[in-house]
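Asker: Handing you a structure now.
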Amino acid sequence: MFVKGTLKITSILLILAIILLLFRYTLISFIIFLIIAFLLQFFRDPSRKTPEDEGVIVASADGRFLNGKIDIIKIVESEDHLTRQVLEKHEKGILISTYMSGLDVHVNRVPITGRIIKTQYYPGKFKLAQGDVHKENEKNLIVIESKYGKIGVVQIAGFVARRIVQYVQMGDIVHTGDRLGMIRFGSRVDVIIPYKNSQLMIYKGGRPKAGETIIARMTDKDTKKINHE
């Protein structure tokens, strides 16, 4: 499967490349074939087998290839304009940040079933999406109200990624594993979950698969455990 419109564009490019090849514009044809291969690789949208367990939170982004991985896990509070949209005053949360390499699938997934209660775009810089850049770079915040509390998903643009696409709207009812949006040509996705009554199931350096990998479970008691290694 591919993102909508991908096959139409690549088909047009393929016809153009073949015509140019027939007229012996070999180098130009070769470049177009490379572009087609890149588009098919980048805009792929494979089906995912989403777990149906009660109370699970799944990864919103892939971090599977090259340097793609979960590279930040930390406790946060309602201290800036982003976390205040997700956490109540004096409430703690856990931020799980996944860096997506150029070879990763860039379609993002809904981490938990609920209702979209807020979406907000924030203009910003286009720095390399390495490390803690969510305060400076262009981003898009999506807040989901679940039966366990608010969950925030932050799509963050990077140096190459210059367009954030959102598939959902305010008031939508979404289900775990649904397609949430995508970041074109790279970057990072942060998920903010409640600190209270949550148990992390992943670790820093882990390589999640969006819509499949369970990153946390909501429990009936405070576990207060974070895996940093």
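The values are calculated or read from the model by the stated rules, or taken from the named source; none is laboratory data. None of these values were measured; they are calculated from a predicted model. Glycine also receives a Cβ, built like all others from the backbone with ideal geometry; neighbour counts cover every protein chain displayed.
Asker: If I ask for residues that are surrounded by fewer than 24 Cβ atoms within 10 Å (Cβ to Cβ) and either without any contact (Cβ under 8 Å) to a residue 12 or more places away in the chain or within 15 Å of D190 (Cβ to Cβ) (or both), which ones from segment 87-98 would you list?
Answerer: Within segment 87-98, the subset surrounded by fewer than 24 Cβ atoms within 10 Å (Cβ to Cβ) is 87-92, 94-95.
Once the filter is applied, which keeps residues that are surrounded by fewer than 24 Cβ atoms within 10 Å (Cβ to Cβ) and either without any contact (Cβ under 8 Å) to a residue 12 or more places away in the chain or within 15 Å of D190 (Cβ to Cβ) (or both), segment 87-98 yields L87, E88, K89, I94, L95.
Asker: OK, next. I'd like the full set of residues that are more than 24 Å from I75 (Cα to Cα) and basic (K, R), limited to segment 170-196.
Answerer: The answer is R179, R184.
Asker: Please go through segment 26-69 and pick out each residue that is of a type in the set (S, T, Y) and assigned by TED's automatic domain parsing to the domain that holds G149. Steps first, answer last, please.
Answerer: The initial filter retains those residues of segment 26-69 that are of a type in the set (S, T, Y), namely 26, 29, 47, 50, 60.
Matches in segment 26-69: S60 only.
Asker: Sticking with this structure for a sec: May I ask you to verify whether D62 is loosely packed, with under 14 Cβ neighbours inside 10 Å and either assigned to a loop (DSSP other than H, G, I, E, B) or of a type in the set (K, R) (or both)?
Answerer: Spelling it out, it is not the case that D62 is loosely packed, with under 14 Cβ neighbours inside 10 Å and either assigned to a loop (DSSP other than H, G, I, E, B) or of a type in the set (K, R) (or both).
Asker: Does K89 fit the bill of being in a loop (DSSP other than H, G, I, E, B), out of contact with any helix residue (DSSP H, G or I) (no Cβ under 7 Å at 6 or more places or on another chain) and outside the structural domain of A210 (by TED's automatic domain parsing)? Explain how you work it out, then say what you get.
Answerer: Details: in a loop (DSSP other than H, G, I, E, B): yes; out of contact with any helix residue (DSSP H, G or I) (no Cβ under 7 Å at 6 or more places or on another chain): yes; outside the structural domain of A210 (by TED's automatic domain parsing): no.
Here the answer is no, as K89 does not meet what is asked.
Asker: Where residues in segment 106-130 are assigned to a loop (DSSP other than H, G, I, E, B) and at pLDDT 90 or above, which of them is nearest to V191 (Cα to Cα)? It would help to see each step written out before you state the result.
Answerer: Residues of segment 106-130 that are assigned to a loop (DSSP other than H, G, I, E, B), as a first pass: 106, 110-113, 123-124, 126-130.
Now narrow it down to the ones that are at pLDDT 90 or above: 110-113.
Values: V110: 10, P111: 8, I112: 11, T113: 14 Å.
The qualifying residue nearest to V191 (Cα to Cα) is P111.
Asker: Would you please name the residue that is nearest to S187 (Cα to Cα), looking only at residues in segment 155-174 that are at pLDDT 95 or above and outside any loop (DSSP other than H, G, I, E, B)?
Answerer: Going through the qualifying residues, I end up with V174.
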